[in-house]
Amino acid sequence: MVLITGASSGIGLATATRLAEAGWRPLLSGTDRARLDELAARTGGVALPQDLSKPDGPARLAEAALEAAGRVDVLVASAGLGWRGAFQDTPSDTLDRMIEVNFAAPLRLVRLLLPGMLERRHGRIVLLGSIAGQVGVRDESGYSATKGGLAMFAESLWYELRGTGVGVRLVLPGAVETPFFDRRGAPYQRDRPRPVPAERVADTVVATIRTERDRLFVPHWLGVPARIHGAAPGVFRRMASRFG
């Protein structure tokens with residue numbers, strides 16, 4: 001069974017659809033019960049509404065998932081929140097929710113579901129990061145920090161789980177055509193990278209489950225600026241300041 005967070009819309013919804021088409025029966029988590037019920041009816045999945053911005057949300061979700069299915073073989077952590085603006089103007093409750101949903105909730109879910117995967121010596125943990133967490137983005141400091149932390153968690157966990165049969169996958173999209181930007185209160189205004197459809201990210205998620213590729217950018221060319229940033233951060237900053 002596959003558990004998908006953020007399945008009410010965007011990447012999570014598209015991923016649930018793609019996995020159902022591939023024969024999976026998804027466990028669907030999100031905050032919009034009506035949308036989850038509709039998606040469950042369409043995919044043959046199970047709706048498990050839960051608010052992951054609450055500290056006990058991940059534990060409640062893990063318990064519900066195991067009760068509904070008996071086991072979770074794949075976790076797709078795609079729930080996410082954003083905010084755009086000067087960091088000092090970030091509302092405290094918004095910052096707290098970003099930290100909980102984008103960073104703390106995936107860690108808590110992995111901690112709760114990993115023992116079963118290790119016992120069976122089989123599983124996949126797919127974490128939805130962001131190019132923002134690789135290179136940093138002006139006026140998205142809080143969001144970038146949560147995604148950067150998630151990326152380092154994925155990297156560290158990958159070392160821990162080598163040889164166990166449990167794989168860690170990190171998917172790193174740029175801008176995606178989802179309600180994300182409307183919900184954060186600021187539209188996407190950059191010329192580059194151009195937003196890609198959520199279905200394209202979902203296809204990448206499915207690919208990471210089926211293959212051994214553990215770190216994928218969407219679109220692929222975003223790996224180039226990430227590598228430049230890693231090798232020559234000063235050069236990258238000058239380029240980012242010039243080209244935006």
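The values are calculated or read from the model by the stated rules, or taken from the named source; none is laboratory data. A quick note: this is a predicted structure, and the numbers were derived from the prediction, not measured. Every residue, glycine as well, gets a Cβ built from its backbone with ideal geometry; the counts of neighbours run over all protein chains shown. For the accessible areas, the whole protein counts, side chains as well, though only heavy atoms, and no ligand, DNA or RNA atoms are used. Shrake-Rupley method; radii C 1.70, N 1.55, O 1.52, S 1.80 Å.
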* Most fluctuating residue given options Met152, Met117, Met98, as computed from a GNM of the chain linking Cα atoms under 10 Å -> Met152
* Exposure rank, largest accessible area first [Asp93, Asp56; 1.4 Å] -> Asp93, Asp56
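Return one whole number: the accessible area per residue of the chain in Å², for a 1.4 Å probe. Can you show the working numbers first?
Values: 11970 Å² over 244 residues.
Each residue of the chain exposes 49 Å² on average to a 1.4 Å probe.
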* **Cα Rg over Rh - segment 15-60, Kirkwood** => 1.02
* Solvent-accessible area, 1.4 Å probe, carbon plus sulfur percent, for the chain -> 51
* Asked: Counting each DSSP H run of 4 or more residues in the chain as -39500 (n - 2.57), what helix-only mean residue ellipticity at 222 nm follows after dividing by all residues, to the nearest 500 deg cm²/dmol?
  -> -15000 deg cm²/dmol
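Rank Leu66, Leu150 by accessible area, highest first, at a 1.4 Å probe radius?
Final ranking, largest accessible area leading: Leu66, Leu150.
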* Structure fact -> Against the 2.2 N^0.38 Å rule of thumb, the C-alpha Rg of segment 122-173 sits at a ratio of 1.23
* Asked: Which value, in Å³ per residue, describes the convex hull spanned by the Cα atoms of the chain?
  -> 117
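Can you give the FRET efficiency to the nearest 0.05 for Asp139 and Ala232, using r as the Cβ-Cβ distance and R₀ = 25 Å? Present the calculation step by step, with values, prior to reporting the outcome.
Values: r = 23 Å, r/R0 = 0.94.
Rounded to the nearest 0.05, the efficiency is 0.60.
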* Asked: Which net charge results for the neighbourhood of Asp203, defined as the other residues with beta-carbon distances under 12 angstrom from its beta-carbon, given Lys and Arg at +1 and Asp and Glu at -1?
  -> +1
* Structure fact -> Using alpha carbon centers only, segment 142-179 is separated from segment 57-86 by a whole-angstrom value of 14
* To do: Using Cα pairs closer than 8 Å and at least 6 residues apart in sequence, work out the relative contact order for the chain, in percent.
  => 19
* Asked: For the chain, what is the charge dipole size about the Cα centre, in debye to the nearest 20, if Lys and Arg each add +1 at the Cβ and Asp and Glu each add -1 at the Cβ?
  -> 740
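Evaluate E = 1/(1 + (r/R0)^6) for Met152 and Arg213, where r is the Cβ-Cβ distance and R0 equals 22 Å; express this FRET efficiency to the nearest 0.05. Present the calculation step by step, with values, prior to reporting the outcome.
Values: r = 19 Å, r/R0 = 0.87.
Between Met152 and Arg213 the formula returns 0.70.
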* **Residue-level accessible surface for Glu160, protein heavy atoms, 1.4 Å, Å²** => 130
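Students sometimes get this wrong: rank Lys54, Lys147 by accessible area, probe 1.4 Å, all chains present, largest first.
In descending accessible area the options line up as Lys54, Lys147.
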* Compare Leu216, Leu157, Leu170 in a GNM of the chain, Cα atoms joined below 10 Å, and give the one with the largest fluctuation. => Leu157
* Structure fact -> Rounded to the angstrom and largest first, Cα extents along the principal axes for segment 1-103 equal 46, 24, 23
* To do: Please build a GNM for the chain, connecting alpha carbons under 10 Å apart, and tell me which residue among Gly116, Gly129, Gly57 fluctuates the most.
  => Gly116
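Kyte-Doolittle mean at least -1.0 and Cα extent at least 20 Å along the axis: which DSSP H helices of the chain qualify? It would help to have the intermediate numbers written out before the result.
Numbers: long enough: 105-120 (23 Å, 0.63); 141-161 (30 Å, 0.13).
Qualifying helices, which must be both long enough and hydrophobic enough, are 105-120, 141-161.
Around Gly136, what is the net charge, scoring Lys/Arg as +1 and Asp/Glu as -1 over all other residues with Cβ under 11 Å from its Cβ?
On the way: positive: Arg138, Lys147, Arg237; negative: Asp139, Glu140.
Combined, the nearby Lys, Arg, Asp and Glu give +1.
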